[in-house]
1. Hey, how many Å between the Cα centroid of region 117-188 and the Cα centroid of region 215-249?
2. Hey, what does the equivalent ellipsoid look like for region 23-182, semi-axes from the Cα gyration tensor as sqrt of 5 times each eigenvalue, largest first, whole Å?
3. Express the carbon and sulfur contribution to the solvent-accessible surface of region 208-319 as a percent, rounded to the nearest whole number, probe 1.4 angstrom.
4. How large is the dipole of the chain about the Cα centre if only Lys and Arg carry +1 and Asp and Glu carry -1, each at its Cβ, rounded to the nearest 20 debye?
5. Just want to confirm a number: the relative contact order over region 277-319, from Cα pairs under 8 angstrom separated by 6+ residues, in percent.
6. For a quick check, take a GNM of the chain with Cα springs below 10 Å and name the residue from Ile148, Ile51, Ile279 with the largest mean-square fluctuation.
7. Please check: in the Gaussian network model of the chain (C-alpha springs, under 10 Å), which one of Gly222, Gly102, Gly211 has the largest mean-square fluctuation.
8. Check the straight Cα-Cα distances from Lys290 and name the lysines below 18 Å, setting aside those fewer than 8 residues away within the same chain.
Amino acid sequence: MEAKRITGTWFEFLHHNEAEGKYWNTALTAFSEKQWREKIREMKEAGMRYIALLATALHFKAYFKTRIFPEWEIGCADPIEVLLDEADRQQMRVFISTGFYGDWMDPIGNMTDPAVLKRMLTAINELSALYGHHESFYGWYYPDETWIKGHLSPEFMHYVNLSSAEIHKMGSRFKTLIGPYGTRDVIADDQYIRDLEALDIDFMAYQDEIGVQKTKLAESAGFYERLKRVHDKAGRAKLWADVEVFEFEGEVYKSALLPAPFERVKKQLEAVSPYVEEILIYEYPGLMNKPGSGAFAGHPSSEKLYTDYMAFCKSKQDE
């Protein structure tokens, strides 16, 4: 199977899991406006046109001026403005996060707690008012992801549809994105098709779960083939992929993320390419760095993943 190119990435101002972000959180926190702009230009140069901002708030502090939480004190005063302004210049498309307005480690609570949901809906309107003038503000990403245990849970369905209903009040401009996990656990039956038909979402970028060691490379293509079948039947929620370009330094979820070797990443891309419209990765910041970058953040091996991937892109151009 031929591998498609990566067309987008998740994006963070700070990695939510401190252990995982060992090699880049300190650098990201200190990034200046100039460095963030350089990082976004790097991503565009690598052929990425979609950016999914993982969090507009984290650890009960926000990345913008809001009455909900105090602001983060980081090297860039208004990072969301910088992200969107540079994305305007690069003609990229940004999904702005609707979280985390509760504890990021409690997605079910964030989906169901009335206080958290109220903060989330307030933030959606504040973010739209502050940043909605940007052409690159393409849509919204719902970060409190669900574990699909066969079918989509009622709590997740309510959370997504409540969020989308609020966004629809702003008109038809904005698209919506989710990236659920439990990809291997999907039961691709009539009930799952009905779930998709009832879910008010534009794009579903299922996690391939190779990096978190839940899925083996040999299994991945079969899972996405099954997903394509039910998505085609439902006629809603276009099928994308979230390809995990990392491996763990030690214990899964409790150690630093490292760039995966491109030999593995290429096989991941090959597995999903026949079935999905777009391939996003988790994630460029911290795991890929252009050699000589003035906005370096991550393990030194992140340069090799970048150069190996760019060599792959050049080989496709030369074919």
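1. The two parts, judged by their Cα centres, are 19 Å apart.
2. So the three semi-axes of region 23-182 are 25, 18, 16 Å.
3. Reported share for carbon and sulfur atoms: 51 percent.
4. Numbers: 38 positive and 50 negative charges, 98 e Å.
Using only the charged Cβ atoms, the result is roughly 480 debye.
5. Here the relative contact order equals 31 percent.
6. Ile148
7. Result: Gly222 has the largest fluctuation of those listed.
8. Filter leaves Lys34, Lys39, Lys44, Lys304, Lys314.
The values are calculated or read from the model by the stated rules, or taken from the named source; none is laboratory data. Model, not experiment: these values are computed from the prediction. Ideal geometry is used to build each Cβ from the backbone, glycine not excepted, and the neighbour counts take in all protein chains shown. Calculation scope for accessible area: heavy atoms of the full protein, side chains included, ligands and nucleic acids excluded. Shrake-Rupley method; radii C 1.70, N 1.55, O 1.52, S 1.80 Å.
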